[in-house]
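The values are calculated or read from the model by the stated rules, or taken from the named source; none is laboratory data. Every value quoted in this text rests on a predicted model; they were computed, and no experiment measured them. As a convention, Cβ positions derive from the backbone with ideal geometry for all residues, glycine included, and neighbour counts pool all protein chains shown. What goes into the accessible areas is simple: the full protein's heavy atoms, side chains included, and nothing from ligands, DNA or RNA. Shrake-Rupley method; radii C 1.70, N 1.55, O 1.52, S 1.80 Å.
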Amino acid sequence: MFEHQSYTQRVVFGADAGRTLLAAEVDRLGAQRVLLVAAPSARAQAAALTASLPMAGAVDEVRMHVPVEVAAAARRRAGETGADLLLAVGGGSATGTAKAVAMTSGLPILAVPTTYAGSEVTPVWGLTEGGRKTTGVDVRVLPRTVVYDPSLTLTLPVGMSIASGLNALAHCVDSLWAPRVNPVDTALALEAAHALAEGLPRVYADPTGPDGRSSTLYGAYLGALAFAGAGSGLHHKICHVLGGAYDLPHARTHAVVLPHVLAFNAPAAPEPVARLARALDASDASAALDKLYDAVGAPRSLRALGMPEDRLPEAAALIAEAAPPSNPRPVSEADALAILRAAF
Ligand code: NAD
């Protein structure tokens, strides 16, 4: 017996899809007043994408983890402009800002992702107030359409590309033991892990080459679908604590923590971990991950990301409290501290 929840969303994927297919997708949604949500760093890319669209305005204050004041300003802008569609161009932060507007206005979102974060396929929103991040699920924030165009990721710096791609791999691995784990999302996660392990070394070797970018974006899409269905496992709970309480950077924190969660859970989850190893064309999943990390110069230390060492015990207590009952083995405060120390 299993349960599997899927969501209604249209996805188009292809090299140059932004330039060649976006206008038709805007039309298809019947939009006549499009509000662009994009960081200033995405301005040039966004200008090229929106030149022929019926634009009503733009929101360019986009910050990681969506502070409530940023959400409030974006909501005001949507009201002032009479927008009928939110066009999010950027990484998880741009998508997250559009989600904050959709949550209160019900406006549809068309997402054009430029990182591998995957927020565009989840109904999960996040807001931060006074250093505390709150997340929730609301189908109104799920983008109606996603236009995936690997060529838009060519400008993502190689370090951020690798970290973001490993954030996507974390969606795959964590969905193997997440609260709503099910065979459909596991199949997606394994196909995604294969595509990411194949794509990321090519992105690292040739950041402006289209093939590695395409495999990685495809893997990121499938991995995020698996995550949307299966939910947040131990890995995501750890990163949520670290990102929320110590303001660590999202993608790199995921990249650093992932091997330690895999090592901790592997002895208690031999079957899914053996399948993960096969997806990575290896006999041992942890060794394969280690090899991949070496091959792509992945970030390896929480210390280097700015985690204060004296706060590790406090973080461990928060993690032990948040660990999902679905985890293949119980997580005591001492276990959480050992994972954090290894990642530190
Ligand atoms: P981000 O969106 O903050 O982007 C990281 C940096 O890369 C930014 O400076 C951005 O301007 C720049 N950038 C993005 N695309 C670029 C490109 N193509 N070329 C050059 N520069 C580019 O980071 P992210 O990791 O994509 O997203 C992180 C945020 O998304 C966090 O707040 C996280 O919580 C959220 N998130 C939410 C979900 C969800 O399901 N709700 C899933 C994943 C991430």
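Just need log10 I(q)/I(0) for the range 197-260 at q = 0.13, 0.18, 0.22, 0.29 Å⁻¹, Debye formula, equal scatterers on the alpha-carbon atoms, no solvent, rounded to two decimals. Relative scattering, expressed as log10 I(q)/I(0), comes to -0.46, -0.80, -0.99, -1.11.
Taking the longest Cα principal axis of the chain as reference, the axis of helix 68-81 is set at about 20 degrees. Extent along the principal axes, Cα only, for the chain: 55, 43, 42 Å, with the longest axis given first.
Relative to the longest principal axis of the Cα atoms of the chain, the long axis of helix 270-279 makes an angle of roughly 50 degrees.
Compactness check for the range 267-344: Cα Rg over 2.2 N^0.38 Å is 1.28. Taking GluC sites (Glu not before Pro) as exposed when their DSSP state is a loop state and no more than 16 other Cβ atoms lie within 10 Å, the longest site-free interval of the chain runs over 62-344. Principal axis extents of the C-alpha atoms in the range 120-161 (largest first, rounded to whole Å): 33, 28, 10. Per-residue ellipticity at 222 nm computed for the chain from its helices equals -17000 deg cm²/dmol, with DSSP H segments shorter than 4 residues left out and the rest contributing -39,500 (n - 2.57). Amide H to amide H distances under 5 Å link Ala58 with Leu36, where only residues 5 or more positions off or on other chains count and H is placed in the peptide plane. For Arg252, the solvent-accessible surface with a 1.4 Å probe is about 110 Å², rounded to the nearest 10.
Rounded to two decimals, the Cα-based Rg/Rh of the range 173-287, with Kirkwood Rh, is 0.97. Sorting Asp294, Asp138, Asp284 by accessible area puts them as Asp294, Asp284, Asp138; the probe is 1.4 Å, largest comes first, and only protein heavy atoms count. Based on alpha carbons, the Rg and Dmax found for the range 90-221 are 15.0, 43 Å. Bridging of Lys133 to lysines at a Cα separation below 25 Å is possible for Lys99, Lys237, once same-chain residues fewer than 8 apart are set aside.
Per the Cα gyration tensor, the range 141-198 maps to an equivalent ellipsoid with semi-axes of 23, 16, 11 Å, ordered largest to smallest.
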